[in-house]
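The values are calculated or read from the model by the stated rules, or taken from the named source; none is laboratory data. These figures come from a predicted structure and were not determined experimentally. Counting neighbours? That spans all protein chains shown, and the Cβs are built from the backbone with ideal geometry, glycine included.
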Amino acid sequence: MARATTTSDSFNAVAEPRRREILSYLAGAERPVGEIVAALGLEQPSVSKHLRVLRDVGLVRMRCQGRQKLYRTNAEAIRPMHEWAATFERYWQHQLLRVKELAEATVGRGSADWNADSKTPGSKPPDSKP
């Protein structure tokens, strides 16, 4: 089945790196367009278009305060994407466990087996004798 267009699909909307950047920036606080433009170094029309797409799929909410429009993330709309991505967490956990085991094994061998220049476990420093 074909995916829906960007204007109706959260996953397609966040496939655009600048939109993810905007979402991340808005996660910190509610902000006006001008502040988003200044902080991210993007052009105002571009930010407005990205915000429109994010609003259309419900990932961002907007409210007016006087003449200013303030934008914020909509955590409830982001939750389904988070839950979907969490189905793959077991793969990440497995990799983190392997990194942890390698780090513990390296520490267990002592600092003499660690080459700080190359950052590779089991390497002797170049000036050391075998």
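Residues that are more than 19 Å from the chain's Cα centre (by Cα), assigned to a helix (DSSP H, G or I) and at pLDDT 95 or above within the stretch 1-33 comprise just one, 33. For the criterion of being at pLDDT 85 or above, within 20 Å of the chain's Cα centre (by Cα) and part of a strand (DSSP E or B), residue 71 passes.
Within the stretch 65-77, restricting attention to residues that are touching a residue at least 24 places away in the same chain (Cβ under 8 Å) and out of contact with any helix residue (DSSP H, G or I) (no Cβ under 7 Å at 6 or more places or on another chain), the residue that is surrounded by the most Cβ atoms within 10 Å (Cβ to Cβ) is 70.
Looking across the stretch 48-64, the residues that are in contact with a helix residue (DSSP H, G or I) (Cβ under 8 Å, 6 or more places away or on another chain) and within 23 Å of residue 76 (Cβ to Cβ) come down to 50, 51, 53, 54, 56, 57, 58, 59, 60, 61, 62.
Once the stretch 78-130 is narrowed to residues that are among the charged types (D, E, K, R) and surrounded by 11 or more Cβ atoms within 10 Å (Cβ to Cβ), the residue that is modelled with the highest pLDDT is 109. Counting only residues that are closer than 14 Å to residue 74 by Cβ and of a type in the set (D, E, K, R), which one in the stretch 16-30 is surrounded by the most Cβ atoms within 10 Å (Cβ to Cβ)? Filtering the stretch 16-30 for residues that are closer than 14 Å to residue 74 by Cβ and of a type in the set (D, E, K, R), the one surrounded by the most Cβ atoms within 10 Å (Cβ to Cβ) comes out as 19. For the stretch 38-47, a residue qualifies if it is more than 13 Å from residue 23 (Cα to Cα), touching a helix residue (DSSP H, G or I) at 6+ places or on another chain (Cβ under 9 Å) and free of Cβ contacts under 8 Å to residues at least 24 places away in the same chain, and the qualifying residues are 43, 44.
Being assigned to a helix (DSSP H, G or I), surrounded by 10 or more Cβ atoms within 10 Å (Cβ to Cβ), at pLDDT 85 or above and among the charged types (D, E, K, R) holds for only one residue in 55, 61, and it is 55.
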